[in-house]
Amino acid sequence: MNENIVNITVLVTGANRGLGRKIAEEFVARGAKVYAGARRPESVDVEGVIPVQLDITDPDSVRRAAEVAADATVLVNNAGISTRAGLLTGSIADIRAEMDTHYFGTLNVIREFAPVLERNGGGAILNVLSVLSWMHPATSGAYAAAKAAAWALTDAVRDELGPRGIDVTALHVGYMDTDMVSYIPAEQKTDPELVARRAVDGVLSGAVEVLADDLAQHAKAALSQVR
């Protein structure tokens, strides 16, 4: 994006906690107008944002959010879940919930907001992905499958939206110090504030991809290795 940050209006999904909260704070700190989407907008307590009710798995909710944030020029698809369901033994409901959120939910939001961004002169989309887009451990099979689908979605819509003046950035990150991976030892996790800063830098520079930590960089490099 070649805009001045003060002219940028951002909608962040899942902005009430974790990385979404940090990304919202980072954009606010840089002078952007920020809509903070959450299923329960009363749970958003980030200073300087506009809370918006948004359940990305509910098309009506997404449509209403697009009407509220009609001046958006940047969309951050951050909302997600982790059921830790395995593909063979996990609940089908959990597996479906992962795909409904990370793939279909993200697609819902992109389809609704792409025309908004285009009407506002173009802009950018940031999709929060994971090293598990590429690494697929059985212990997180549902999450990994959904994030792999979201990675494919990201690449495909980038080609569709580029001619419409909309950049699409993929953010890949390993374990962050958030509630979602509270079971992981602290020394193995990255500060989400650092990830947010790198993510926003990537969006503003028009980067195709942001590898936010060492694990993401190593995982991407390993893709070229023959197994």
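Residues of the stretch 6-40 being assigned to a helix (DSSP H, G or I) and either surrounded by 16 or more Cβ atoms within 10 Å (Cβ to Cβ) or touching a Ser or Thr at 6+ places or on another chain (Cβ under 6 Å) (or both), which ones?
G18, L19, G20, R21, K22, I23, A24, E25, E26, F27, V28
Which residues, counting only those in the stretch 131-165, are touching a strand residue (DSSP E or B) at 6+ places or on another chain (Cβ under 8 Å), surrounded by 13 or more Cβ atoms within 10 Å (Cβ to Cβ), small (G, A, S) and within 26 Å of V116 (Cα to Cα)?
Answer for the stretch 131-165, where residues must be touching a strand residue (DSSP E or B) at 6+ places or on another chain (Cβ under 8 Å), surrounded by 13 or more Cβ atoms within 10 Å (Cβ to Cβ), small (G, A, S) and within 26 Å of V116 (Cα to Cα): A150, G165.
For the stretch 199-222, enumerate the residues that are in a helix (DSSP H, G or I) and at pLDDT 95 or above.
A199, V200, D201, G202, V203, L204, S205
I'm told T57 meets every condition in (1) modelled with pLDDT of 95 or more; (2) open to solvent by 60 Å² or more (accessible area, probe 1.4 Å); (3) part of a helix (DSSP H, G or I) except one. Can you identify the failing condition by its number?
All conditions are met except number (3).
Counting just the residues of the stretch 196-227 that are basic (K, R) and over 16 Å from the mean Cα position of the chain (by Cα), which one comes out nearest to T169 (Cα to Cα)?
Taking the candidates together, the pick is K220.
Taking R40, is it closer than 29 Å to L132 by Cα and of a type in the set (K, R)?
In short, yes.
Residue by residue, here is whether (1) over 30 Å from N7 (Cβ atoms); (2) surrounded by fewer than 19 Cβ atoms within 10 Å (Cβ to Cβ) holds:
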residue: R84; (1), (2): yes, yes
residue: L87; (1), (2): yes, yes
residue: S91; (1), (2): yes, yes
residue: T101; (1), (2): yes, no
residue: V109; (1), (2): no, no
residue: F113; (1), (2): no, no
residue: E118; (1), (2): no, yes
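The values are calculated or read from the model by the stated rules, or taken from the named source; none is laboratory data. All values derive from a computational prediction rather than experimental measurement. Don't worry about glycine lacking a Cβ; one is built from the backbone with ideal geometry, like all the others, and counts go over all protein chains shown. Accessible surface areas use protein heavy atoms only, side chains included; no ligands, DNA or RNA. Shrake-Rupley method; radii C 1.70, N 1.55, O 1.52, S 1.80 Å.
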